[in-house]
Every structure is written in C-alpha cells, then in structure tokens.
Amino acid sequence: GDSVTQKQGQVTLSEDDFLFINCTYSTTTYPTLLWYVQYLGQGPQLLLKVTTANNKGISRGFEATYDKGTTSFHLQKASVQESDSAVYFCALVVSGSFNKLTFGAGTRLAVCP
Amino acid sequence: EAAVTQSPRNKVAVTGGKVTLSCNQTNNHNNMYWYRQDTGHGLRLIHYSYGAGSTEKGDIPDGYKASRPSQENFSLILELATPSQTSVYFCASGGTGKAPLFGEGTRLSVL
C-alpha cells in the first residue's frame with residue numbers, strides 16, 4: 001500500500017532561521033503530495049499541494065518541492081517566525097482513491113524568539 | 001464559508017460503553033472521512049464515505065463503525081469503547097480534486 005515516511009519528529013529553530021522538512025513516499029501510482037499545518041488545538045489545514053506535473057508549490061512564504069527520482073518531497077521556508085510554530089504533516093493522495101490521505105508522522109516545529 | 005463541525009469536542013467514556021462522534025459539513029462534498037491522531041503515527045484513516053448511505057473501511061477500522069445518513073452528516077460509532085481508543089478524532093470532507101478540509105477534532109478519553 002501507499003506509505004509516507006517523515007522522520008523529523010521535532011525541530012527547534014530561532015526566528016529568521018531556515019526551515020527544511022523532508023518526507024519520502026512509496027506508491028504504485030502517480031501521487032499528489034500535500035503539506036498540512038496543525039496549530040495547537042486545531043485541525044490540520046492545507047498549506048501546500050504539489051502535483052507531479054508542476055513539481056513545486058508556494059504559499060505563505062513556504063515552498064514545497066518534489067523529487068520523483070528519490071520519491072521525496074520537501075517543505076522549506078527561508079526565514080521562520082514564532083507564529084510558524086506548529087506541527088507539519090506531509091501526505092499523499094492518489095487519483096481514484098476518493099481523495100483518501102496517507103499521512104506522515106508529523107514534525108513539531110518550535111520557533112524561539 | 002466551508003466548514004466541518006464536530007461534536008462533542010471533548011468526551012470521557014467508560015470502558016465497554018457506546019460512544020458516538022458526530023460530524024456535519026456544509027461544503028456539499030461527496031467524500032467524508034474519520035481519522036484518529038496519535039503521537040508518532042500522524043493521522044490514520046478509520047472509515048470514509050463517498051456519499052449518503054455509503055461507508056467504507058479505512059486502514060484501521062477494527063472496533064469502529066460509521067454511518068452516513070445524509071450528504072451532510074457522518075458519524076463514528078464505538079460500540080464497546082476500550083482504553084486503546086483514547087485519541088483525538090478528526091472528521092474531514094472533500095470533493096473531487098479537492099484536498100480534504102478538517103474539523104477541529106474531538107478529544108476522547110476512555111477510562
């Protein structure tokens with residue numbers, strides 16, 4: 001079945017630091033790759049979506065890229081702020097699956113002022 | 001505004017008791033989902049539905065049932081709750097080609 005591996009459980013940065021979170025995936029079909037962000041006490045909300053056609057997505061200062069050769073996708077931000085503190089999930093969805101998501105384990109980002 | 005509303009937001013249940021978690025969406029989405037979130041596991045799919053009257057098993061359906069009586073409503077039912085079902089449960093809805101939209105979650109404790 002489909003799977004997503006997100007190994008960075010916790011990341012602690014200072015404001016204006018560079019953020020990079022990596023996920024790898026396994027699927028037999030062409031996936032759409034997503035990043036969700038979850039703030040404390042809330043449900044996950046979509047941050048970015050990357051398809052195999054466009055390879056890149058940008059939103060709110062975050063950039064998501066995808067590497068088909070290594071079956072990996074990344075989330076990065078040049079300069080994080082304290083307000084970016086949250087849990088970030090990578091996920092994949094395959095076409096024809098009723099948009100069911102397969103999630104990574106999540107990365108908890110703490111940004112210190 | 002697109003919305004997914006879950007109730008209750010918090011629930012304490014006794015082992016062996018019946019628990020029903022409710023979800024309502026106003027997005028006119030065909031697909032609805034129930035996930036549970038546990039540390040180290042991300043979110044895992046329990047049941048999903050592609051329309052009124054349909055329910056399908058997700059990746060971890062054991063111990064759970066689901067009901068989709070209408071386009072707007074999707075319930076998750078624990079007939080005999082166990083402490084291992086203590087978790088945070090999220091409902092989501094999604095349309096064709098649209099990433100699922102999540103509710104705020106229900107925190108369930110089974111004692």
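The values are calculated or read from the model by the stated rules, or taken from the named source; none is laboratory data. This structure is a prediction, so every number in the text was calculated from the model and none was measured. Neighbour counts run over all protein chains shown; Cβ positions are idealised from the backbone, glycine included.
Numerical summary
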| read-out | value |
| --- | --- |
| Of all residues in region B:38-69 being in contact with a Pro (Cβ under 8 Å, 6 or more places away or on another chain) and touching a residue at least 24 places away in the same chain (Cβ under 8 Å), the one that is nearest to A:Q10 (Cα to Cα) | B:L43 |
| Whichever residue in region B:26-39 is at the interface with chain A (Cβ under 10 Å from one of its Cβ atoms), surrounded by fewer than 20 Cβ atoms within 10 Å (Cβ to Cβ) and in a loop (DSSP other than H, G, I, E, B) and, among such residues, is farthest from the chain's Cα centre (by Cα) | B:T39 |
| Residue within region B:70-83 that is touching a Pro at 6+ places or on another chain (Cβ under 7 Å) and among the β-branched types (V, I, T) present | no |
| Residues being in a loop (DSSP other than H, G, I, E, B) and small (G, A, S) - total across region B:13-25 | 2 |
| Strands (runs of 3 or more DSSP E) wholly inside region A:1-106 containing at least 1 residues that are closer than 25 Å to B:F90 by Cβ and within 14 Å of another protein chain (Cβ to nearest Cβ) | A:3-5, A:10-14, A:19-26, A:31-38, A:45-51, A:56-59, A:62-67, A:86-94 |
| Failed criterion for A:G41 (all others in (1) surrounded by 21 or more Cβ atoms within 10 Å (Cβ to Cβ); (2) at pLDDT below 95; (3) within 22 Å of B:S87 (Cα to Cα) hold) | (1) |
| Residue match in region B:17-24 (condition: free of Cβ contacts under 8 Å to residues at least 24 places away in the same chain, touching a strand residue (DSSP E or B) at 6+ places or on another chain (Cβ under 6 Å) and among the small types (G, A, S)) | no |
| Members of region B:100-110 that are surrounded by fewer than 20 Cβ atoms within 10 Å (Cβ to Cβ) and facing chain A (nearest Cβ under 10 Å) | B:E104, B:R107 |
| Which numbered condition A:A110 fails, given (1) away from chain B (no Cβ under 11 Å); (2) at pLDDT below 95; (3) assigned to a strand (DSSP E or B) | (2) |
| Options B:G42, B:G53, B:G17; residue that is within 14 Å of chain A (Cβ to nearest Cβ) and either under 24 Å from A:F89 (Cα atoms) or surrounded by fewer than 17 Cβ atoms within 10 Å (Cβ to Cβ) (or both) | B:G42 |
| Neighbours by Cβ (under 7 Å, 6+ apart or cross-chain): first from region A:2-28, more than 16 Å from A:A64 (Cβ to Cβ); second among the basic types (K, R) and not in a strand (DSSP E or B) | none |
| Residue selected from region B:78-98 under the condition aliphatic (A, V, I, L, M) and either under 12 Å from B:Y35 (Cβ atoms) or surrounded by fewer than 17 Cβ atoms within 10 Å (Cβ to Cβ) (or both), by the criterion nearest to the chain's Cα centre (by Cα) | B:A92 |
